[in-house]
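Contents: one structure, followed by commentary.
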């Protein structure tokens, strides 16, 4: 099947960030919390991207940041996906009364952007990597659940479901054989888009000081720390942002590519 | 219409009640006593009991819930643990910053996004069609606080034409000063918001441009502008209005981050401070007011949509809100 160039570009961008994260597990130029590098050293020489105001190597911190961004991104998509799809399936199959209740709760949760719900979770738990994943995943699950519910309802209204039920298929088998295979392409596209949003939400949380605490060098935290020295050491205020954009653009392009694969009618109109 | 209004209002009130309940439960069911924020580490059991009594966390949950709802009904949001001032008053004073910030950014974003989105669809074959598309693709991937940082660097630190942050002490007494301090935050939010709006306007326009009714109108001798005005605009407006409602709500709440970039004394700053100080009444109050705003905006967007689209009005007899 022929894939669009934008899909390929997206894959390359995401792969690039993943590669940096993997390399950071095996090798780092310096210990990311080592402050012996001299303050605000300009890029070049021993420190390719320079050091921050505490003398920590920026490249090492950026590489660790890639790991955190991907952990929170994929982690919260896992949490949000499992919770959301389960709740959505439940609402899709439920009686009218239960369905209405679940939908009303979802509508209110969705009215809140991810970031605010995440802040609420962080408010009652400690700020940590786990809190960030849980918080963003929970917020995401409402959006996934509502989408799943709509998709499930649409599938359940089809004649082949009635036919399958009449021929004696149990509800659990209807779910695994008809519902899930029919809804997963759309879900996958949405989860990919949510991954990008989760990465941005984590960056915002960290920027506000509510993300994973030090020594976790999240990109949002790096930007916040570099803000005061933006004129003397611009690299520190630019590089983490560029990486964030690279990752999120990559993820969005991949999601667009999935959508074109899942829905052939869109391919010609683009 | 009256029957719809009644049902929609009932739904709004129901959602408000549900939202208040959810917020209360979320904050109480998670571990940790709110009284802890009043105490230092080595507090004696008597001090703990006194603090719990003062806050009311020693009372049974249903009773706490009752008094919190009762307070809400009288627009009483309680008093802050930290400043011991009424939360409602502080929120009101913060809205003076957040509401203008939201509305101005929203207006600017709409003014930018509607023509640009239309052009991106109408001129998809020219060089700038795909370019506009690419720029908006980039715009939705950029963290809003980073745009804020970059704008501050260029316009406040390098060119020194606009303030880097803060808000005049006398607020709106000197409108010009207040507006200049809001200029960069407004542009920051509007840039990010118009990026996603452009995509919606573009796809709504693409749908309309390819529609049979537009071709028919043109075949019957209507000019392109005339046909767009009479038929295209109304049809394209329907999906865009519902998105606008969501975007307005998102802007209001998204101001949280931008307010901290620019050190603006708005609702967002209040929430971040409340979370850092475990000041439950403040967190609860800000979230209740935000939810209320979001739900009311949704209500308004629904109404406007029905005014614009006669099909939705005709559908009123049946359909659920």
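Data table
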{"read-out": "Members of segment B:115-161 that are in a loop (DSSP other than H, G, I, E, B) and either under 20 Å from residue A:224 (Cβ atoms) or at the interface with chain A (Cβ under 10 Å from one of its Cβ atoms) (or both)", "value": "B:124, B:140, B:141, B:142, B:143"}
{"read-out": "For residue A:232: the one exception among (1) within 11 Å of another protein chain (Cβ to nearest Cβ); (2) in a helix (DSSP H, G or I); (3) out of contact with any helix residue (DSSP H, G or I) (no Cβ under 8 Å at 6 or more places or on another chain)", "value": "(2)"}
{"read-out": "Residue tally, condition under 14 Å from residue A:65 (Cβ atoms) and either buried (at least 22 other Cβ atoms within 10 Å of the Cβ) or touching a strand residue (DSSP E or B) at 6+ places or on another chain (Cβ under 7 Å) (or both), over segment A:244-255", "value": "3"}
{"read-out": "Some residue of segment A:132-144 being more than 24 Å from residue B:255 (Cα to Cα) and either more than 14 Å from every other protein chain (Cβ to nearest Cβ) or surrounded by 23 or more Cβ atoms within 10 Å (Cβ to Cβ) (or both)", "value": "yes"}
{"read-out": "Residue B:167 vs. criteria under 21 Å from residue B:257 (Cβ atoms) and within 14 Å of another protein chain (Cβ to nearest Cβ)", "value": "no"}
{"read-out": "Some residue of segment B:98-117 being surrounded by 16 or more Cβ atoms within 10 Å (Cβ to Cβ), modelled with pLDDT under 80 and more than 18 Å from residue B:25 (Cα to Cα)", "value": "no"}
{"read-out": "Residue that is nearest to the other protein chains (Cβ to nearest Cβ), among those in segment A:83-131 that are assigned to a loop (DSSP other than H, G, I, E, B) and farther than 24 Å from residue B:295 by Cα", "value": "A:125"}
{"read-out": "Residue match in segment B:223-240 (condition: part of a helix (DSSP H, G or I), within 12 Å of another protein chain (Cβ to nearest Cβ) and buried (at least 18 other Cβ atoms within 10 Å of the Cβ))", "value": "no"}
{"read-out": "Flag for residue B:66 being more than 14 Å from chain A (Cβ to nearest Cβ), modelled with pLDDT of 75 or more and surrounded by 15 or more Cβ atoms within 10 Å (Cβ to Cβ)", "value": "no"}
{"read-out": "Conditions (1) loosely packed, with under 13 Cβ neighbours inside 10 Å; (2) within 30 Å of residue B:281 (Cβ to Cβ); number of the one not met by residue B:145", "value": "(1)"}
{"read-out": "Residue identified as farther than 28 Å from residue A:261 by Cβ and touching a residue at least 12 places away in the same chain (Cβ under 8 Å) among A:174, A:155, A:144, A:122", "value": "A:122"}
{"read-out": "Extreme residue, nearest to the other protein chains (Cβ to nearest Cβ), among residues of segment B:241-275 that are surrounded by 22 or more Cβ atoms within 10 Å (Cβ to Cβ) and part of a loop (DSSP other than H, G, I, E, B)", "value": "B:262"}
{"read-out": "Filter pass, residue A:130 being at pLDDT 80 or above and under 17 Å from residue A:77 (Cβ atoms)", "value": "yes"}
{"read-out": "Hey, residue B:177 surrounded by fewer than 19 Cβ atoms within 10 Å (Cβ to Cβ), under 30 Å from residue A:234 (Cα atoms) and within 14 Å of chain A (Cβ to nearest Cβ) or not", "value": "no"}
{"read-out": "Single unsatisfied condition, residue B:33 versus (1) modelled with pLDDT of 80 or more; (2) surrounded by 14 or more Cβ atoms within 10 Å (Cβ to Cβ); (3) within 14 Å of chain A (Cβ to nearest Cβ)", "value": "(1)"}
{"read-out": "Selected residue [modelled with pLDDT of 85 or more, away from chain B (no Cβ under 13 Å), assigned to a helix (DSSP H, G or I) and under 16 Å from residue A:72 (Cβ atoms)] from A:191, A:197", "value": "A:191"}
{"read-out": "Residue within segment B:91-107 that is more than 30 Å from residue A:253 (Cβ to Cβ) and touching a strand residue (DSSP E or B) at 6+ places or on another chain (Cβ under 8 Å) present", "value": "no"}
{"read-out": "Selection within segment A:1-21 - surrounded by fewer than 13 Cβ atoms within 10 Å (Cβ to Cβ) and over 18 Å from residue A:242 (Cβ atoms)", "value": "A:1, A:2, A:3, A:5"}
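The values are calculated or read from the model by the stated rules, or taken from the named source; none is laboratory data. Every value quoted in this text rests on a predicted model; they were computed, and no experiment measured them. FYI the Cβ positions are ideal-geometry reconstructions off the backbone, even for glycines, and counts take in every protein chain you see.
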